[in-house]
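Working notes for the structure below.
Throughout, read-outs are computed from the coordinates displayed, never taken from laboratory work. Please read all numbers here as calculations on a predicted model, not as lab measurements. Neighbour counts run over all protein chains shown; Cβ positions are idealised from the backbone, glycine included.
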Amino acid sequence: MSELIDPRTLITLKAAAKLYDYNPEHLRQVAVTGRMKAWFVSHTVWVTTPEHLQEYIRSRKQTGLKPIPNLRRHITTHRSTKK
């Protein structure tokens with residue numbers, strides 16, 4: 001039996017990436033490969049729930065792997081502070 005998801009709890013992977021400081025493309029790859037529960041809803045939009053994202057983050061920690069941060073933000077920040 002499939003679980004019921006309240007549509008009001010769904011967030012786009014782009015929004016999830018901003019909230020949790022991830023690269024949106026990384027989250028899309030995680031969703032595509034099935035390592036995180038997410039749904040493809042239109043041509044370019046994937047959605048998940050905060051709970052499913054947190055479950056993915058916990059699984060990374062349990063295996064000893066660090067969650068992959070949004071490297072672009074860190075590189076941009078690093079470059080802008082090098083003046």
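The table below gives the values:
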item: Hits in the range 37-60 (condition: under 16 Å from residue 18 (Cβ atoms) and not hydroxyl-bearing (Ser, Thr, Tyr)); result: 38, 45, 46, 47, 50, 53, 54, 57
item: Members of the range 1-34 found to be in a loop (DSSP other than H, G, I, E, B) and of a type in the set (Val, Ile, Thr), listed by number; result: 5, 33
item: Count - residues of the range 35-45 that are touching a Phe, Trp or Tyr at 6+ places or on another chain (Cβ under 7 Å), without any contact (Cβ under 8 Å) to a residue 24 or more places away in the chain and part of a loop (DSSP other than H, G, I, E, B); result: 1
